[in-house]
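S.K.: What follows is a single structure, and I will ask about it in a moment.
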Amino acid sequence: ALLLIPLWMFFSKDIKGGFSGFLVKVNLKGAKLPLRPVFTRGLGSAITIGAGGSAGQEGPIAAIGGAIGSQFGQLFKVSGDRLKVLVACGAAAGVAATFNAPIAGVFFATEIVLLSSFELASFTSIVIASGMATVVSRALLGNHSELIAPPYFVGSFWEIGLYLLLGLLIGCLAAGFIDVHFRIKDRIDAIKLPRFAKLLLGGLAVGTIGMVFPQVFGNGYDFMSRVLSGHFAWYLLAGLVVVKMVATSITLGSG
């Protein structure tokens, strides 16, 4: 939290808004993104996640990749929907390279960055960017998956009913998480303290939660891989459903 104070002092415009602010700029404000947030936002995200902040790198790397795509478009004087496509290509490439997941990068950019405005021409460009980014990342970092899971086999078609129930449950939890996030963010915004004090209080709160539930620190992928291998009790996982929501909301809400 202390390391983030200089960034908030000098580059608050780059850090404010989060990934939702990025989507607003792409879809409502012409997709002309500045270059500086690639460095300032990237550094801030790296500090937050690396120091144990309860957040992931999906949003930051998509915003960074999208900004680079926008800079290419502005360099060659591309405008309108074609500039949006270049932003989506950059976002897809960032997600694909970071997670070694080219298909995930494609669908992330198509469904989230372009808000489902599907066109074959844009889809082809996004696939090429995502695939090339994955090739480069594998050449530099090796072919390692972010999540490691044992092989899974469907034993009975009746299991599909459980997936239906799981989807309903996760959908309700997702809606609840959005509500919790904005409630906590609004409460933090309402505290009459300087921004820097809120940063420190947020870090203290997440650190306190992490003393009991250290699984909330960082992006959580190592913990998820261990869970997929069959470790940890169900009551710990049930508790983390609530605690992770709160920790992530505090991390993002406090800045």
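S.K.: Within segment 177-188, can one find any residue that is of a type in the set (Asp, Glu), free of Cβ contacts under 8 Å to residues at least 60 places away in the same chain and open to solvent by less than 70 Å² (accessible area, probe 1.4 Å)?
M.R.: No, segment 177-188 contains no residue that is of a type in the set (Asp, Glu), free of Cβ contacts under 8 Å to residues at least 60 places away in the same chain and open to solvent by less than 70 Å² (accessible area, probe 1.4 Å).
S.K.: Further question on the same structure: Which members of segment 60-86 meet the condition of being among the small types (Gly, Ala, Ser) and in contact with a Leu (Cβ under 9 Å, 6 or more places away or on another chain)?
M.R.: Ala63, Gly66, Ala67, Gly69, Ser70, Gly73
S.K.: Which fully enclosed helices (runs of 4 or more DSSP H) of segment 53-135 have 1 or more residues being under 30 Å from Gly203 (Cα atoms) and of a type in the set (Val, Ile, Thr)?
M.R.: Passing ranges, in order: 58-75, 81-99.
S.K.: Taking into account only those residues within segment 1-49 that are open to solvent by 40 Å² or more (accessible area, probe 1.4 Å) and among the aromatic types (Phe, Trp, Tyr), which is nearest to Gln74 (Cα to Cα)?
M.R.: That would be Phe39.
S.K.: Is it the case, given these coordinates, that Gly53 is at negative phi and in contact with a Pro (Cβ under 9 Å, 6 or more places away or on another chain)?
M.R.: So Gly53 fails the test.
S.K.: Within segment 203-255, how many residues turn out to be open to solvent by less than 70 Å² (accessible area, probe 1.4 Å) and among the hydrophobic types (A, V, I, L, M, F, W, C)?
M.R.: Result for segment 203-255: 18.
S.K.: Looking at segment 50-59, which of the residues that are within 14 Å of Thr248 (Cβ to Cβ) and not polar (S, T, N, Q) is surrounded by the most Cβ atoms within 10 Å (Cβ to Cβ)?
M.R.: Here the residue is Gly53.
S.K.: Among the numbered criteria (1) in contact with a helix residue (DSSP H, G or I) (Cβ under 9 Å, 6 or more places away or on another chain); (2) touching a residue at least 12 places away in the same chain (Cβ under 8 Å), which one does Phe39 miss?
M.R.: (2)
Residues are listed down the side, and each one gets a yes or a no for (1) modelled with pLDDT under 90; (2) of a type outside the set (Val, Ile, Thr); (3) open to solvent by 20 Å² or more (accessible area, probe 1.4 Å):
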{"site": "Gly66", "(1), (2), (3)": "yes, yes, no"}
{"site": "Gly80", "(1), (2), (3)": "yes, yes, yes"}
{"site": "Val85", "(1), (2), (3)": "yes, no, yes"}
{"site": "Ala96", "(1), (2), (3)": "no, yes, no"}
{"site": "Ile103", "(1), (2), (3)": "no, no, yes"}
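S.K.: Another one. Looking at segment 147-174 only, could you name the residues that are open to solvent by 60 Å² or more (accessible area, probe 1.4 Å) and not aliphatic (A, V, I, L, M)?
M.R.: Of everything in segment 147-174, those that are open to solvent by 60 Å² or more (accessible area, probe 1.4 Å) and not aliphatic (A, V, I, L, M) turn out to be Pro150, Pro151, Tyr152, Phe153, Gly155, Phe157, Trp158, Tyr163, Cys172.
S.K.: Sticking with this structure for a sec: Closer than 30 Å to Leu86 by Cβ and at pLDDT 90 or above, is that true of Ser130?
M.R.: yes
The values are calculated or read from the model by the stated rules, or taken from the named source; none is laboratory data. As the structure is a prediction and not an experimental result, all values here were calculated from the model. As a convention, Cβ positions derive from the backbone with ideal geometry for all residues, glycine included, and neighbour counts pool all protein chains shown. Just so you know, the surface numbers come from the protein's heavy atoms only, side chains and all, with ligands and any DNA or RNA stripped out. Shrake-Rupley method; radii C 1.70, N 1.55, O 1.52, S 1.80 Å.
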